[in-house]
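The values are calculated or read from the model by the stated rules, or taken from the named source; none is laboratory data. Note that the structure is predicted; figures quoted are calculated from it, not measured. Here the Cβ positions follow ideal geometry from the backbone for every residue, glycine too, while neighbour counts run over all protein chains shown. All accessible areas refer to the heavy atoms of the entire protein, side chains included, with ligands and DNA or RNA removed. Shrake-Rupley method; radii C 1.70, N 1.55, O 1.52, S 1.80 Å.
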Amino acid sequence: MANRREFNRLLAGAGLASGLGDWSGLLPLSPLDAQEQQVPPELVRLRPEIEPLVRQIEQTPREHCFAMMLRELQRGLSYRHFLAALMLAGVRNVNPQPPGFKFHCVFVVQSAHQLSLDAPAGDRLLPLFWVLDEFKKSQQQDVEEGDFKLGPPPGKLPSASKAWAEFHDAMQKWDEPRADRAVVALVRTRGAREITEQLWKYGARDYRNIGHKPIFVANAIRTLQTIGWRHAEPILRSLVLGLLDYGMDQRVNQYAFEDQCFLSNEKRAVQLAARLPGDWAGGKADTARTVELLEIMRSMETENACRQAAEWLAGGHAQATCLWDAVHLAAGELMMRQPGIYGIHTVTSVNGLRYAFEQAASPATRMLMLLQGVGWMCQFTHFMAGTKKGLGKEQITDLGKVEIARDPGDAVSQVLADIGSNPRAAASQAFTLGQQGEHVDLLVAEARRLVFLKNTDAHGFKYPVAIFEDYRRVSPVWRPHMLATATYYLSGSSRPDSPVMQRAREAVSQLG
């Protein structure tokens, strides 16, 4: 077992010890010994190649975690294993009920990864170090709130032939133990695509916690696509527990389950799927149809909006893209009308539903995702209008050009300077940049760079990833509008630098 002296000798041989500065005082005396690495019986056992690293993350005090991870990276730890360990530590130690709040340490893993993919090479580990610190904060909060632990699978598993029937029945009855056993049986006997296809519906059925459930499904599946399906069992068990929170009758954010649009939309999608034209999911833009649907959603006529969207699709009067345009615009508009936590989730929940639409194979499931997007924007509008803040009168379709600096760098700098202090001005300037088109990439790159300097919360990762993905998803005519809404929750240049991101940067700098 290496001691501190041996570890410092190894660092010196790699040319790192001289640059450690104050970090050397934070280095753990040694890695966990064999006894500390043993998995206690109350914890689910992970795969042997990842278990020791997860145990180190779990056991190392928060103030020592960056130094511990530096040691592992210097020993050759891969990016993929770092990412996997963060996800698995979260699902094993943090309660997914409710699927939000402290559980954002899990939700944010995929967003951090996406930001890493687009970062300069020297910055790619920064988001993962931030998530590591966020996990330790959530872990401590979870201990204080009951100390959840994901344990071994509970009881006898259903047979492979009965697993699907058991899973669907348990999900319909909101029966957590049965659903937990069933999903374990499915992971052990079925393939990734088959299982994933069935999860989209359960993610999209329940809006009550402002859309975190489809966010959870999309982020879990996307993370598994990176770290490997071999880690699916504990992640999907946590996911199922999150999806079953609140039950049938609990009223949250003004809605019980049966008050929502899911049951009618599910029936509608099944009935109409066989009548859909072959090109129903195509990319044809229709500005008039988009605005028409947006107007219905503004009026909070949930049933009318969903029925109208379904009839247009089935009758060949609109393709999916122009209706998704309306959903994304409605989400962005709600962010403009009430910036903050609810506005963030109009955008991120639609991002999850749109990803499910793109990944699902069944026409009925794909149609259901779109109809849920339509219905949820009506439900969000109704709920947000009834909150203390209420809704402003801004309409995304009223955005217009303003004067901006001729030099693109100056124009981008002004947008980022106004974020936080003058969001309407920032939005108008971003809209104008978007209409000019050629300098959008510069704004996006600078906005991402500021995230790496200033981010202090999980939404500061989740929101920019979602909004910049959706910017590319909408029809070109609407992209300036989506770019404008991005300014309502990005990190502006006047925001103070994040202490955690600064520590992460100092840690990564030790890797040379």
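Overview of values
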item	result
Qualifying positions in segment 57-110 - closer than 20 Å to residue 502 by Cα, open to solvent by 10 Å² or more (accessible area, probe 1.4 Å) and of a type in the set (A, V, I, L, M)	70, 73
Near pairs, Cβ below 8 angstrom, 6+ apart or cross-chain, from segment 58-79 (touching a residue at least 60 places away in the same chain (Cβ under 8 Å) and farther than 14 Å from residue 133 by Cβ) to any residue that is open to solvent by 40 Å² or more (accessible area, probe 1.4 Å) and not in a helix (DSSP H, G or I)	73/511; 74/14; 74/511
Unique residue being surrounded by fewer than 20 Cβ atoms within 10 Å (Cβ to Cβ) and either over 26 Å from residue 186 (Cα atoms) or modelled with pLDDT of 95 or more (or both) when the list is 255, 202	255
Residue within segment 205-218 that is small (Gly, Ala, Ser), within 17 Å of residue 47 (Cα to Cα) and modelled with pLDDT of 95 or more present	no
Residue check for residue 241: modelled with pLDDT of 95 or more and closer than 17 Å to residue 204 by Cβ	no
Total residues in segment 279-298, condition outside any helix (DSSP H, G or I), without any contact (Cβ under 8 Å) to a residue 60 or more places away in the chain and surrounded by fewer than 18 Cβ atoms within 10 Å (Cβ to Cβ)	3
All positions within segment 263-278 that are in contact (Cβ under 8 Å) with a residue 24 or more places away in the chain and open to solvent by less than 90 Å² (accessible area, probe 1.4 Å)	264, 265, 266, 268, 269, 272, 273, 276, 277
Unique match (being farther than 28 Å from residue 280 by Cβ, of a type outside the set (S, T, N, Q), touching a helix residue (DSSP H, G or I) at 6+ places or on another chain (Cβ under 7 Å) and in contact (Cβ under 8 Å) with a residue 24 or more places away in the chain) among 369, 384, 377	384
Whichever residue in segment 122-155 is among the polar types (S, T, N, Q) and closer than 17 Å to residue 107 by Cβ and, among such residues, is surrounded by the most Cβ atoms within 10 Å (Cβ to Cβ)	138
Within segment 426-456, tally of residues that are without any contact (Cβ under 8 Å) to a residue 12 or more places away in the chain and open to solvent by less than 40 Å² (accessible area, probe 1.4 Å)	1
Some residue of segment 415-425 being surrounded by fewer than 20 Cβ atoms within 10 Å (Cβ to Cβ) and under 24 Å from residue 477 (Cα atoms)	yes
Unique match (being free of Cβ contacts under 8 Å to residues at least 40 places away in the same chain, buried (at least 17 other Cβ atoms within 10 Å of the Cβ) and closer than 23 Å to residue 45 by Cβ) among 241, 224	224
Segment 311-331: number of residues that are open to solvent by 10 Å² or more (accessible area, probe 1.4 Å), in a helix (DSSP H, G or I) and not hydrophobic (A, V, I, L, M, F, W, C)	2
Selection within segment 180-215 - among the polar types (S, T, N, Q), part of a helix (DSSP H, G or I) and more than 16 Å from residue 354 (Cβ to Cβ)	189, 198
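Residue by residue, here is whether (1) in a helix (DSSP H, G or I); (2) closer than 18 Å to residue 348 by Cα; (3) of a type in the set (Gly, Ala, Ser) holds:
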| position | (1), (2), (3) |
| --- | --- |
| 441 | yes, no, no |
| 448 | yes, yes, no |
| 469 | yes, yes, no |
| 508 | yes, no, no |
| 512 | no, no, yes |
